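The values are calculated or read from the model by the stated rules, or taken from the named source; none is laboratory data. Fair warning: this is a prediction, and the values are worked out from it, not measured in the lab. Neighbour counts run over all protein chains shown; Cβ positions are idealised from the backbone, glycine included. Accessible surface is based on the protein model in full, side chains and every heavy atom, while ligands, DNA and RNA are left aside. Shrake-Rupley method; radii C 1.70, N 1.55, O 1.52, S 1.80 Å.
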Amino acid sequence: MLTGKTALVTGAGRGIGREIALTLAANGAAVIVNYNGSKASADEVVREIIKNGGQAEAMQCNVADFAASGEFVKAVLEKYKKVDILVNNAGVTRDNLIMRMSEEDYDAVLDTNLKGAFNMIRHLSRSFIKQRSGKIINIASVSGVLGNAGQANYSASKAGLIGLTKSVAREFASRGINVNAVAPGFIDTDMTRNMTEDAKKELSAMIPMGRMGSTKDIADMALFLASDRSNYITGQVLCVDGGMAI
Ligand code: NAP
């Protein structure tokens, strides 16, 4: 499905990003497995892809850093010549009630979740426009659609990411580049594993399907958006959330 395509997945050493990297590679894409701190996990993802007959490489970059992202994109383009699929998946949480939220926790979440996606799209924009094709997939959250108590910083970053998605989709539509957002609901990863059992129960009660989602649920949507099957879809927010955002 994606043979001959190059995909860059940010934060692909763990969780949802890892599953997206494995899925795109299993469907023929050469995958750049970006990580920030988790080198060992990213190397393991690469090993698994290669073992399964795919093509992948781990590359470090803190996407929140504009200059470092520029150097990273430069290195990727020098080696791979083009990026066909960009998945902005890197994300962090620093939850707290707004009364207690520090400026540092607000900035850290916005810098990675929103500015990180801007940095990657900005640095790759010339290359995308030149090639007149491409798929940009931004991993937002149902929290950015509905809001969530205790996540003012995170919700703001994801709502911002949705706005970024829609604006860039309008700018790139005539160039054959699709830009969409995926809004996962409550997915079983490191990000949600630290929650208390009570908080998990409370959240599960808000899911019409009555269960948490898996990383595969999100990777399947990313594969669809990365493929030619989504060619007439742009600027959309696809909620993959068991019905949370109905
Ligand atoms: P996770 O298991 O905590 O993984 C987060 C990933 O982001 C890691 O691979 C991490 O890489 C990477 N990352 C963080 N800061 C980075 C930076 N500055 N530069 C590059 N990479 C960075 O989280 P997850 O659950 O898989 O979440 C993935 C995405 O889905 C996030 O955008 C998250 O907001 C979104 N999401 C998750 C859920 C959920 O329920 N799990 C729901 C909605 C949306 P390192 O380990 O290398 O630092």
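The table for this structure:
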{"item": "Residue list for segment 130-149, restricted to those being more than 14 Å from the ligand (Cβ to nearest atom) and open to solvent by less than 20 Å² (accessible area, probe 1.4 Å)", "result": "Gly134, Lys135, Ile136"}
{"item": "Candidate set: segment 172-192, residues that are hydroxyl-bearing (Ser, Thr, Tyr) and under 17 Å from the mean Cα position of the chain (by Cα); chosen: the one nearest to Asn89 (Cα to Cα)", "result": "Thr189"}
{"item": "Filter pass, Leu164 being under 22 Å from Lys115 (Cα atoms), out of contact with any Lys or Arg (no Cβ under 9 Å at 6 or more places or on another chain) and either of a type in the set (Phe, Trp, Tyr) or outside any helix (DSSP H, G or I) (or both)", "result": "no"}
{"item": "Checking Ala68 against (1) in contact (Cβ under 8 Å) with a residue 12 or more places away in the chain; (2) within 11 Å of the ligand (Cβ to nearest atom), the condition it does not meet", "result": "(1)"}
{"item": "Where a residue in segment 88-106 is under 30 Å from Gly134 (Cβ atoms) and its partner, wherever it lies, is open to solvent by 50 Å² or more (accessible area, probe 1.4 Å), with Cβ under 8 Å and at least six apart", "result": "Ala90/Asn36; Gly91/Met191; Thr93/Met191"}
{"item": "Which numbered condition Met120 misses (of (1) crowded, with 18+ Cβ neighbours inside 10 Å; (2) over 15 Å from Ala245 (Cβ atoms); (3) away from the ligand (no atom under 11 Å from the Cβ))", "result": "(3)"}
{"item": "Near pairs, Cβ below 6 angstrom, 6+ apart or cross-chain, from segment 1-29 (in contact (Cβ under 8 Å) with a residue 40 or more places away in the chain and more than 13 Å from the ligand (Cβ to nearest atom)) to any residue that is part of a helix (DSSP H, G or I) and not hydrophobic (A, V, I, L, M, F, W, C)", "result": "Thr6/Tyr80"}
{"item": "Output for segment 50-65, where each listed residue is over 15 Å from the mean Cα position of the chain (by Cα), surrounded by fewer than 24 Cβ atoms within 10 Å (Cβ to Cβ) and touching a residue at least 24 places away in the same chain (Cβ under 8 Å)", "result": "Asn52, Gly54, Gln55, Glu57, Ala58, Met59, Gln60, Asp65"}
{"item": "In segment 107-116, residue farthest from the ligand (Cβ to nearest atom) [restricted to those that are open to solvent by less than 40 Å² (accessible area, probe 1.4 Å) and free of Cβ contacts under 8 Å to residues at least 60 places away in the same chain]", "result": "Leu110"}
{"item": "Gly160 farther than 23 Å from Asp107 by Cα, within 14 Å of the ligand (Cβ to nearest atom) and crowded, with 17+ Cβ neighbours inside 10 Å", "result": "no"}
{"item": "Pairs with Cβ under 8 Å, 6+ apart, first in segment 32-43 and open to solvent by 40 Å² or more (accessible area, probe 1.4 Å), second β-branched (Val, Ile, Thr) and within 7 Å of the ligand (Cβ to nearest atom)", "result": "Asn36/Val63"}
{"item": "Subset of segment 193-211 (residues that are within 24 Å of the chain's Cα centre (by Cα) and farther than 16 Å from Gly242 by Cα)", "result": "Arg193, Asn194, Met195"}
{"item": "Unmet criterion (only one of (1) within 22 Å of Phe66 (Cβ to Cβ); (2) of a type in the set (Gly, Ala, Ser); (3) assigned to a loop (DSSP other than H, G, I, E, B)) for Gly116", "result": "(3)"}
{"item": "In segment 188-226, residue nearest to Asn27 (Cα to Cα) [restricted to those that are within 11 Å of the ligand (Cβ to nearest atom), assigned to a helix (DSSP H, G or I) and open to solvent by 80 Å² or more (accessible area, probe 1.4 Å)]", "result": "Met191"}
